[in-house]
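Below is one structure, written out as structure tokens, with a few remarks after it.
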Amino acid sequence: MPQDLPPRPEPTITPEMCEACTGVQQHWRRAKGHPELMQGTHRMVAHKHGSVTITKYRCERCGTVWEYENNKVNRHAGWSVLKSK
């Protein structure tokens, strides 16, 4: 039985983002980041299907702040921009 998923959000691209950050595939689980993303804090969020880990990253080159949602149920989780410089 297919699960109803929310529509995939549009990727966030700003002029302040470096080339490596603009190349990150957003809102897709298991997409790769890039080597200059430095891991920060992580937190657990409760969902109806179980707990999900969300980890914050910051790009050392351009300062863009990212979150990665590791949600095995939602294929549109993954990388999302919190703020750019």
Counting pairs on different chains as well as pairs 8 or more places apart, how many Lys pairs in the chain have Cα atoms under 15 Å apart?
4
Label points 7 Å out from Cα along the Cβ direction at Ala31 and His47: separation in nm?
1.6
Step through the residues of the range 12-17 one at a time and calculate ³J(HN,Hα) from phi using the Karplus curve (6.51 cos²θ - 1.76 cosθ + 1.60, θ = phi - 60°), rounding each to whole Hz and writing x for Gly and Pro.
9, 10, 10, x, 6, 6
Suppose R0 equals 22 Å; then what is the FRET efficiency for Glu16 and Thr55 from their Cβ-Cβ distance, rounded to the nearest 0.05?
0.50
List the relative contact order of the chain as a percent without decimals, with contacts defined as Cα pairs under 8 Å and 6+ residues apart.
29
Between Thr12 and residues 5 or more places away or on another chain, which pairs have amide H atoms under 5 Å apart, with H built 1.01 Å from N, and which residues are they?
Val81
I want to check the label-to-label distance for Gln39 and His76. Put each point 7 Å from Cα in the C-beta direction and report it in nm to one decimal.
2.8
Read-out Cα extents along the principal axes in Å, derived from the coordinates shown; its label in (i) 40, 32, 20; (ii) 63, 23, 22; (iii) 42, 25, 18:
(iii)
Considering only protein heavy atoms, what per residue accessible area in square angstrom results for the chain with a 1.4 angstrom probe?
70
Quick one: 3J(HN,Hα) in Hz for the range 28-35, Karplus 6.51/-1.76/1.60 with θ = phi - 60°, rounded, Gly and Pro as x.
9, 4, 6, 6, 8, x, 8, x
With a 1.4 Å probe and every protein chain left in place, tell me how much accessible area His42 has, in Å² to the nearest 10.
120
Give the accessible area for Ile54 in Å² (nearest 10); use a 1.4 Å probe, count only protein heavy atoms, and leave out ligands, DNA and RNA.
20
Loop-resident trypsin sites (Lys or Arg not before Pro) in the range 5-46 with no more than 13 other Cβ atoms inside 10 Å, DSSP not H/G/I/E/B, are Arg30, Lys32
When the accessible area of the chain is computed with all protein chains present and a 1.4 Å probe, what percentage of it is carbon and sulfur?
49
Among Glu10, Glu69, what's the order by accessible area (1.4 angstrom probe), most exposed first?
Glu10, Glu69
Under the Karplus relation 6.51 cos²θ - 1.76 cosθ + 1.60, θ = phi - 60°, what is the ordered set of whole-Hz ³J(HN,Hα) values for the range 71-79, x standing for Gly and Pro?
10, 6, 8, 10, 6, 9, 6, x, 7
Any chance you could look up the accessible area of Thr12 with a 1.4 Å probe, heavy atoms only, rounded to 10 Å²?
50
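The values are calculated or read from the model by the stated rules, or taken from the named source; none is laboratory data. This is a predicted model, so every value here is computed, not measured. Backbone-built Cβ (ideal geometry, glycine too); neighbour counts: all protein chains shown. All accessible areas refer to the heavy atoms of the entire protein, side chains included, with ligands and DNA or RNA removed. Shrake-Rupley method; radii C 1.70, N 1.55, O 1.52, S 1.80 Å.
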